1. Give the residue that is farthest from Pro100 (Cα to Cα), with candidates limited to residues of region 64-86 that are more than 21 Å from the chain's Cα centre (by Cα) and of a type outside the set (S, T, N, Q).
2. Search region 74-93 for residues being farther than 18 Å from Ala34 by Cβ and not in a loop (DSSP other than H, G, I, E, B), and hand back the single one that is modelled with the lowest pLDDT.
3. Hey, among the residues in region 74-106 that are in contact with a Ser or Thr (Cβ under 9 Å, 6 or more places away or on another chain) and within 18 Å of Glu126 (Cβ to Cβ), which one's least open to solvent (accessible area, probe 1.4 Å)?
4. Are any of the residues in region 94-109 assigned to a helix (DSSP H, G or I), under 28 Å from Leu148 (Cβ atoms) and of a type in the set (S, T, N, Q)?
5. Could you list all residues from region 2-35 that are open to solvent by 60 Å² or more (accessible area, probe 1.4 Å), at pLDDT 80 or above and either closer than 30 Å to Thr92 by Cβ or β-branched (Val, Ile, Thr) (or both)?
6. Any idea how many residues of region 50-73 are assigned to a loop (DSSP other than H, G, I, E, B) and exposed (fewer than 15 other Cβ atoms within 10 Å of the Cβ)?
7. Just to be sure I understand the filter: pairs with C-beta atoms under 6 Å, separated by 6 or more residues or on different chains, first member in region 162-188 and under 25 Å from Ser121 (Cβ atoms) and modelled with pLDDT under 70, second member open to solvent by less than 100 Å² (accessible area, probe 1.4 Å) and of a type in the set (A, V, I, L, M, F, W, C). Which pairs pass?
8. Which condition does Asp44 not pass, out of (1) over 24 Å from the mean Cα position of the chain (by Cα); (2) within 30 Å of Ala111 (Cα to Cα); (3) of a type outside the set (A, V, I, L, M), if it passes all the others?
Amino acid sequence: MDKNTVVEFSGREETTDPLTEILRRGARELLQQAIEAELSTFMDTFRERRLDDGRAAVVRNGHLPVRDIQTGIGPVAVKVPKVRSKDGKPVTFRSALVPPYVRKARTLESALPWLYLKGVSTGEMEEALRILVGPEAKGLSASTVSRLKSQWKQEYEAWRKQGLNKDRWVYIWVDGIYSGLRSEESKLCALVVIG
């Protein structure tokens with residue numbers, strides 16, 4: 001019995017949703033317009049800065065390489081413009097919307113702890129996000145989740161050490177949220193305090 005009866009589905013991960021593609025295109029255009037508006041405001045601050053011959057000292061100088069930002073609707077390509085100073089005084093444009101090295105939207109990063117607490121293991125995180133965000137979900141691997149876990153631990157330690165006496169609280173609500181992680185002896189519980 002050497003007969004292989006497994007049938008491969010080609011193009012399974014390349015399913016396109018026209019609505020999602022329209023949303024991505026619209027998001028890309030809106031984001032590009034917002035970055036251009038940021039650049040325009042930035043360039044206005046240097047309008048008075050001129051060279052000896054009267055030309056502008058700070059000018060546009062192309063774009064940084066296109067990069068994809070992972071969002072809830074999948075990757076959105078972004079082109080951030082560059083500027084150049086002709087008078088020798090350094091000038092750098094940094095977009096507040098798309099800071100350097102940012103590859104994921106904050107809402108997507110905030111989904112990671114929720115998925116983790118719901119019992120999705122670090123090894124399955126990439127597959128779960130591929131289903132939620134789309135097949136183009138990149139940079140959301142188990143190592144990313146492990147790095148974020150260490151960051152969450154540091155934030156927790158800083159929060160745990162700060163006192164509650166710096167603010168006046170009318171009510172403090174405290175509850176425990178049990179995760180879906182399976183354990184032989186006990187379930188993991190996250191303490192939540194809201195003031």
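The values are calculated or read from the model by the stated rules, or taken from the named source; none is laboratory data. Being a predicted model, the structure only gives us computed values, none of them experimental. Every residue, glycine among them, receives a Cβ derived from its backbone with ideal geometry; neighbour counts consider all protein chains shown. All accessible areas refer to the heavy atoms of the entire protein, side chains included, with ligands and DNA or RNA removed. Shrake-Rupley method; radii C 1.70, N 1.55, O 1.52, S 1.80 Å.
1. Lys86
2. Out of the qualifying residues, it is Gly74.
3. Residue satisfying both the conditions and the ranking: Gly74.
4. Keep residues of region 94-109 that are assigned to a helix (DSSP H, G or I), which gives 106-109.
Okay, now just the ones that are also under 28 Å from Leu148 (Cβ atoms), so 106-109.
Now restrict to residues that are of a type in the set (S, T, N, Q): 107.
Yes, region 94-109 has at least one match.
5. Passing the criteria: Ile22, Arg25, Arg28, Glu29, Leu30, Gln33.
6. Applying the first criterion (assigned to a loop (DSSP other than H, G, I, E, B)) to region 50-73 yields 51-55, 57, 64-66, 72-73.
Applying the additional criterion that residues be exposed (fewer than 15 other Cβ atoms within 10 Å of the Cβ) yields 51-55, 64-66, 72.
Qualifying residue count, region 50-73: 9.
7. Cβ pairs passing all conditions: Leu181/Leu188.
8. Unmet for Asp44, out of (1) over 24 Å from the mean Cα position of the chain (by Cα); (2) within 30 Å of Ala111 (Cα to Cα); (3) of a type outside the set (A, V, I, L, M): (2).
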